Amino acid sequence: MTGFALGVDQEEWCGQLRALAAERLRPLAEKGEPGRVNRPLLAALGELGLLDRVFASGALDLCLLRESLAHGCTEAETALALQGLGAYPVLHAGSEAQRERWLPQVRAGRAVAAFALSEPGAGSDAAALALTATVDPAAAPADGGGWRLSGEKRWISNAPEADFYTVFARTGEGPGAKGVSAFLVPADRPGLSGAPLDMLSPHPIGSLAFDGVPVGPQDLLGEPGRGFRVAMDTLNLFRPSVGAFAVGMARAALDATLAYTAGRSAFGGTLSDLQAVAHRVAEMATRTEAARLLVYAAAAAYDSGAGDVPRRAAMAKLLATETAQYVVDHAVQLHGAVALQRGHLLEHLYREVRAPRIYEGASEVQRTIIAKELYGALPQARPGKVAAR
């Protein structure tokens, strides 16, 4: 790829994915029950090798994968992304035993993963986690000791139906983010329960209750007290690809709008003949293209190991999700009442497009990250002194 123009092979792959999403995965998604894990859909993603691609690809390929699937089947895209989000910490920080136990099952679409970070009082401020991991006095010192998890997680995608959870809890090695550890917690662990939440999004979201759930050193993902870094490394990879998901929805809405306005008779011509309509479509297309390029740039920065990944990832997620909201909303407006009918593509996208502006860091959090990174890069000038040019 040169200057963020895709190569021929990449374009062909994206086209194949869009067709696959619409023709093979969409029918499976339509048979699923809203708010429940669609295991046949996950199995198909595994059979097609798409889940394996999540873990074998760089950030750019992940973005192309999510964007292309979102264009044809948002449910397939979300199912794939949640597998990646929940299991990437295992790939990145897990032990060999943890990886051998869970990753083949995730790749095959047989085990459902979940990323359990958010809490009732710790959503945007992830360092304010309250779920506690206290030393378990009953744990055998010869086994390295252990902890008991107590507290609650909420707004967890794939809960309460996941087979295992990547859980972030406060172990107290230091204040704030320095005292958080990451654990791999199987769903059948005693003391762990969950309940579904009735949310706008069609994919499953729930709460988890931890009543003295036992975990040991073998359940740690990485080192004690370093769990927040595991979470941030995961989010830095997946934030640009959330932007890719949004771009895929925006492009689907734009394509539908182009086709509709070019064929809809109105005022002696077509809607596309009206300057107000044509200019709005031009604005939708321009914003979508800008978001797409920023997403690709952030992914390329991640793949090259650039030092400004947090800023670029935040910018990509911010612009792409806000742009998708704008494009889908205007697509609905240009279609009129037909777009509000249940089952219409735009009615579906209108419900889907809202959540990405909140999860994995709300737009306000992304702006805070961007500003912090910008100011942190300034030369340290003394108060009252203007930095030399």
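Observations on the structure shown:
- FRET efficiency for Leu378 and Glu12, using Cβ-Cβ distance with R0 set to 51 Å, rounded to 0.05: 0.70
- Placed amide H near Ala113: partners under 5 Å, 5+ positions off or other chain: Asp163
- Each Lys and Arg contributes +1 and each Asp and Glu -1, all at the Cβ; summed about the Cα centre of the range 244-388, the dipole is approximately 400 debye.
- Rounded to the nearest 20 debye, the dipole size of the range 8-107 about its Cα centre is 380 debye, using +1 on the Cβ of Lys and Arg and -1 on the Cβ of Asp and Glu.
- Cβ-placed point charges (K, R +1; D, E -1), dipole of the range 11-70 about Cα centre in debye, nearest 20: 280 debye
- 37 °C / 0.692 mPa s Stokes-Einstein diffusion coefficient of the range 41-198, Kirkwood radius on C-alpha pairs, µm²/s: 196 µm²/s
- Other residues whose C-beta falls under 15 angstrom from the C-beta of Ser201 contribute a net charge of -3, scoring Lys and Arg +1 and Asp and Glu -1.
- The range 8-107 - Rg and Dmax from Cα coordinates, angstrom: 13.6, 40
- Residues in the range 66-77 carry Karplus couplings, in order, of 5, 4, 5, 5, 4, 4, x, 7, 5, 5, 5, 4 Hz; the curve used is 6.51 cos²θ - 1.76 cosθ + 1.60 with θ = phi - 60°, and Gly or Pro positions show x.
- For Rg/Rh (Cα atoms, Kirkwood Rh), the value computed from the atomic coordinates appears in the list [x] 0.97; [y] 1.01; [z] 0.94 under label [y].
- Note on the chain: dipole from Cβ charges, positive end direction compared against Val8, Pro104, His279; the farthest Cα belongs to His279.
- Counting lysine pairs in the chain whose alpha carbons fall under 26 angstrom apart, excluding pairs fewer than 8 residues apart on the same chain, gives 6.
- Separation of the range 130-179 from the range 188-209 is 17 Å, based on Cα centroids.
- When each of the peptides 179-190, 77-88 is scored by how many other beta carbons lie within 10 Å of its residues on average, the order from highest to lowest is 77-88, 179-190.
- Net length gained if the chain between Phe267 and Ala290 were fully extended (0.36 nm per residue, minus Cα distance): 5.0 nm
- Using alpha-carbon coordinates, inclination of helix 309-335 to the longest axis of the chain, degrees: 40 degrees
- Estimated 222 nm signal from helices in the chain, with DSSP H stretches of n ≥ 4 weighted -39500 (n - 2.57), rounded to 500: -17000 deg cm²/dmol
Every number in this text was worked out from the coordinates using simple rules, so none of it is lab data. Nothing here was measured: the structure is a model prediction, and the numbers come from that model. Ideal geometry is used to build each Cβ from the backbone, glycine not excepted, and the neighbour counts take in all protein chains shown.
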